[in-house]
Amino acid sequence: SQTIHQWPATLVQPVGSPLSLECTVEGTSNPNLYWYRQAAGRGLQLLFYSVGIGQISSEVPQNLSASRPQDRQFILSSKKLLLSDSGFYLCAWSVEGGSTDTQYFGPGTRLTVL
Amino acid sequence: QKEVEQNSGPLSVPEGAIASLNCTYSDRGSQSFFWYRQYSGKSPELIMFIYSNGDKEDGRFTAQLNKASQYVSLLIRDSQPSDSATYLCAVSGRGGKLIFGQGTELSVKP
């Protein structure tokens, strides 16, 4: 069965510091991978998605970036965090080329920027 | 007009009642429709998906889809306090992406 991991689970960072969040998927090959952000009391905002190693599409201009160095690893980064970067960061996967578009979410990382 | 709209709630129902959650979408080309449940502080978990017009039942949950009216709903029968959560409607978009509504908060009172 497939599982998705995210770490860290929680993170408190000062404004201007760098960020690295990691997501890994087990039990599937060549998944589509997604990064979402959910601000407090808000819906899910798609940040990045990837259909393969090194292939990243950005949905929203911001000071964040994403990378996919391995098939089942997806990393979200920032060089300098802003207060507005606080939120619940969710990684999700779906079957590559699947017809259902069903996405499954990881446990998330709660980021607080002070 | 938002691409996927849900009533924000909170929707409050007594234990044992039927909870009805509604969602409308703007893209007539959407083919896949999903309901996720999100407990406070947790990540969304998939409850059901539906592709065809009509009803799809899974235990106490029934998803209903009407593509002509661009409307999808989720019925929860015999609601339990453990069903209290935010329910997210998601609709397939271009390139395999999902478009999420803002979510409806459901509260089931004992």
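Nothing in this text is a laboratory measurement; each read-out follows from the coordinates by a stated rule. Since the model is a prediction, treat every value here as computed from it, not as a measurement. Reconstructed Cβ throughout: ideal geometry from the backbone, glycine too, with neighbour counts over all protein chains shown.
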Check: What residue among B:68, B:85, B:19 has the largest mean-square fluctuation in a Gaussian network model of chain B, using Cα springs under 10 Å?
Finding: B:68
Next item on the list: Determine the sum of side-chain charges near residue A:109: Lys and Arg each +1, Asp and Glu each -1, restricted to other residues whose C-beta is under 15 angstrom from that of residue A:109.
Entry: +1
Note to self: Could you tell me the center-to-center distance, by alpha carbons, between the stretch A:50-114 and the stretch B:22-95 in angstrom?
What the structure shows: 23
Note to self: Please compute the alpha carbon radius of gyration of chain A, then divide it by the globular-protein estimate 2.2 N^0.38 Å. Two decimals is fine.
What the structure shows: 1.01
Checklist line | Rounded to whole Å, sorted largest first: equivalent-ellipsoid semi-axes of the protein assembly as shown, Cα gyration tensor | finding: 30, 21, 16
Checklist line | Where GluC sites (Glu not before Pro) in DSSP loops with at most 16 other Cβ within 10 Å are excluded, longest remaining stretch of chain B | finding: B:16-110
Next item on the list: Please go through the stretch B:23-56 and write out the trypsin sites (Lys or Arg not before Pro) that DSSP classes as loop and that have at most 16 other C-beta atoms within 10 Å.
Entry: B:28, B:42
Notebook entry, point to check: Taking amide hydrogens as modeled 1.01 Å from N in the peptide plane, which residues meet the under 5 Å criterion relative to residue B:43, leaving out close sequence neighbours?
Noted result: none
Next item on the list: Please state the charge dipole magnitude for the stretch B:14-103, taken about the Cα centre, from unit charges on C-beta atoms (+1 on K and R, -1 on D and E), reported in debye and rounded to the nearest 20.
Entry: 380
Notebook entry, point to check: Taking the stretch A:33-80, which trypsin sites (Lys or Arg not before Pro) meet the DSSP loop condition and have no more than 15 other C-beta atoms within 10 Å?
Noted result: A:42, A:79, A:80
